[in-house]
Amino acid sequence: MPNYDKEDIVELKNRKKRRKRLVRLLVFLLIVSIVGGLFYYRDLWLPKLQGLGKQYETIRNDGQLAEGNFPIEINGGSKYQLNYGEDRLFLLSDAYIYYYSVDGGLLKRRQHAYSNAVLNTAGGTALIYESGGDQLSVENDKEKLYEMSFDDTIIFARISPEGYAAVVTTSDNYACKLTVYNKKGEFVYERNCVERIKSISFTDESSGCILSYIGADNGTLSTSVQKISFTSEKEDWTSPYVNTLGIETFASGDGAFVLGYTACANVDSSGQISSYYQYDGDFAGGDSKNGKSAVIINDDDRRKYTLALFDKDSAAPVLVDFDEPLKYVTVCDGLAYVMSTEEIRGYDFDGTLRSTVEITDSYSEFRRSEDYIFLMAYNKIDRIDYNS
């Protein structure tokens, strides 16, 4: 056993004290750095922490109809088209285009001369064209931006959030012709197509688009999808045929979502079919935004009514069953909103019910804004507050 004199003992005690002080200091500095880091990045983790106790709490809206300027009456109960964008309602009747604020105040009324008018909107801009005719106009509630006439017949047209207009017309030498114009109405791109274009969805801030074509594959009407850039004559990719008659195709990242009458599919960024889902019932509606897609399927014989939820990376949908027929579905801000005969419900794409409101069966569709739902009946438009 070693022998220590008094000085050695004192030195050992001092070393232990210094070591303890150093450990306390290091622990203190570690705690300070952790607390400081948590405080600096609080905007990232605090909302998630605050939402832990609320994520499974369903919001039940009261469904109280707004008063004041609502309901918006449809004169004579004529067939109308309604869209929403940038705090505006666009209402197209057989003779006029109306612009309303979300409070129901009339901002502008402008007459059109189209006998078979079709409305397409993006952001605060409206594109109105005559289906089977040769004229279109692009406008907002402030002014008409431009009008166009074509030598060939307009099959359909679409407008992008950046104001680009894609117009599909008939052609003497091809199945159809695609022409794209910028927000000033200036020519951007033209493509002659050997197959008839069924739908268009803009991509990459209007630098290109997704096209879908209807063709025959082994004797069955099917849909192929193609991604193009407006700066290249060559397509980025073309998908194999999807075994369904396509209704609409939506851009989904660098891929696409194909919505058909009997099935739907995701197409990946290389143009390959990454998932395919055949409906177990009759198609009743569908929508897709930013890689999230929703389809409603009704089977009255078996009294089976289903909402199918898709993410662009998922191999199979999340299925939600209902006890009553489904009328309409839309995707907005990462949620799927579905209308049945008695309710509107909002769902996360994992199938979690986020919100609901009771309604009457007099409404056939609706439009969703940040704070409201606009309910569409035969001869009027109502508004309710809706929190998700």
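The values are calculated or read from the model by the stated rules, or taken from the named source; none is laboratory data. Just so we're clear, the structure is a prediction, and the values are computed from it rather than from any experiment. Quick reminder, even Gly has a Cβ in these numbers, built from the backbone with ideal geometry, and neighbours come from all protein chains shown. Just so you know, the surface numbers come from the protein's heavy atoms only, side chains and all, with ligands and any DNA or RNA stripped out. Shrake-Rupley method; radii C 1.70, N 1.55, O 1.52, S 1.80 Å.
Of LEU259, LEU211, LEU245, all but one fail to be over 19 Å from the mean Cα position of the chain (by Cα) and at pLDDT 95 or above; the exception is LEU245.
As a summary of the residue check, GLU233 satisfies the conditions (1) open to solvent by less than 70 Å² (accessible area, probe 1.4 Å); (2) over 15 Å from ILE159 (Cβ atoms) except for the one numbered (1). Each residue in segment 164-173 was checked for being touching a Ser or Thr at 6+ places or on another chain (Cβ under 7 Å) and open to solvent by less than 10 Å² (accessible area, probe 1.4 Å), and 2 pass.
Could you go through segment 113-129 and let me know if any residue there is more than 20 Å from the chain's Cα centre (by Cα), at pLDDT 95 or above and surrounded by fewer than 17 Cβ atoms within 10 Å (Cβ to Cβ). Scanning segment 113-129 turns up no residue that is more than 20 Å from the chain's Cα centre (by Cα), at pLDDT 95 or above and surrounded by fewer than 17 Cβ atoms within 10 Å (Cβ to Cβ). When we screen THR262, THR249 for residues that are within 20 Å of ARG196 (Cβ to Cβ), touching a Leu at 6+ places or on another chain (Cβ under 9 Å) and surrounded by fewer than 21 Cβ atoms within 10 Å (Cβ to Cβ), the only hit is THR262. Screening LYS304 with (1) over 26 Å from SER369 (Cβ atoms); (2) touching a Pro at 6+ places or on another chain (Cβ under 9 Å); (3) not aromatic (Phe, Trp, Tyr) gives one miss only, at (2). Only residues that are of a type in the set (Ser, Thr, Tyr) and touching a residue at least 40 places away in the same chain (Cβ under 8 Å): list them for segment 280-313, please. If the condition is that a residue be of a type in the set (Ser, Thr, Tyr) and touching a residue at least 40 places away in the same chain (Cβ under 8 Å), then SER288, SER293 are the ones that fit.
Considering each of ILE228, ILE296 in turn, give the residue that is more than 19 Å from CYS332 (Cβ to Cβ), surrounded by 21 or more Cβ atoms within 10 Å (Cβ to Cβ) and among the β-branched types (Val, Ile, Thr).
Unique residue meeting the criteria: ILE228.
Of the residues ALA165, ALA95, only one is within 21 Å of GLU248 (Cβ to Cβ) and either of a type in the set (Gly, Ala, Ser) or in contact with a helix residue (DSSP H, G or I) (Cβ under 8 Å, 6 or more places away or on another chain) (or both); which? Just one listed residue meets the conditions, ALA165. Selection of first residues in segment 206-227 that are without any contact (Cβ under 8 Å) to a residue 12 or more places away in the chain and of second residues that are open to solvent by 50 Å² or more (accessible area, probe 1.4 Å), restricted to Cβ pairs under 9 Å at least 6 apart or on distinct chains, gives the following pairs, ordered by first then second residue: ALA216/TYR241; ASN218/TYR241; ASN218/ASN243.
TYR279 meets the conditions (1) open to solvent by 40 Å² or more (accessible area, probe 1.4 Å); (2) more than 26 Å from ASN387 (Cβ to Cβ); (3) touching a strand residue (DSSP E or B) at 6+ places or on another chain (Cβ under 7 Å) in every case but one. The failed one is (1). Only one entry of ASP87, ASP103, ASP134 meets the criterion of being out of contact with any strand residue (DSSP E or B) (no Cβ under 6 Å at 6 or more places or on another chain), farther than 28 Å from PHE349 by Cβ and open to solvent by 30 Å² or more (accessible area, probe 1.4 Å), and that entry is ASP103.
Among the residues of segment 182-225, the ones that are in a strand (DSSP E or B), of a type outside the set (A, V, I, L, M) and open to solvent by less than 50 Å² (accessible area, probe 1.4 Å) come to 15 in all.
Residue selection: SER314 fails the criterion of being at pLDDT below 95, within 29 Å of GLN64 (Cα to Cα) and outside any strand (DSSP E or B). Here CYS176 meets the list (1) open to solvent by less than 10 Å² (accessible area, probe 1.4 Å); (2) farther than 21 Å from TYR279 by Cα; (3) in contact (Cβ under 8 Å) with a residue 24 or more places away in the chain almost entirely, failing just condition (3).
The listed residues are ARG354, ARG345, ARG368, ARG383, and the only one of them that is surrounded by 14 or more Cβ atoms within 10 Å (Cβ to Cβ), among the basic types (Lys, Arg) and free of Cβ contacts under 8 Å to residues at least 24 places away in the same chain turns out to be ARG345.
Could you tell me whether any residue of segment 169-192 is among the aliphatic types (A, V, I, L, M) and under 21 Å from the mean Cα position of the chain (by Cα)? Checked segment 169-192: no residue is among the aliphatic types (A, V, I, L, M) and under 21 Å from the mean Cα position of the chain (by Cα).
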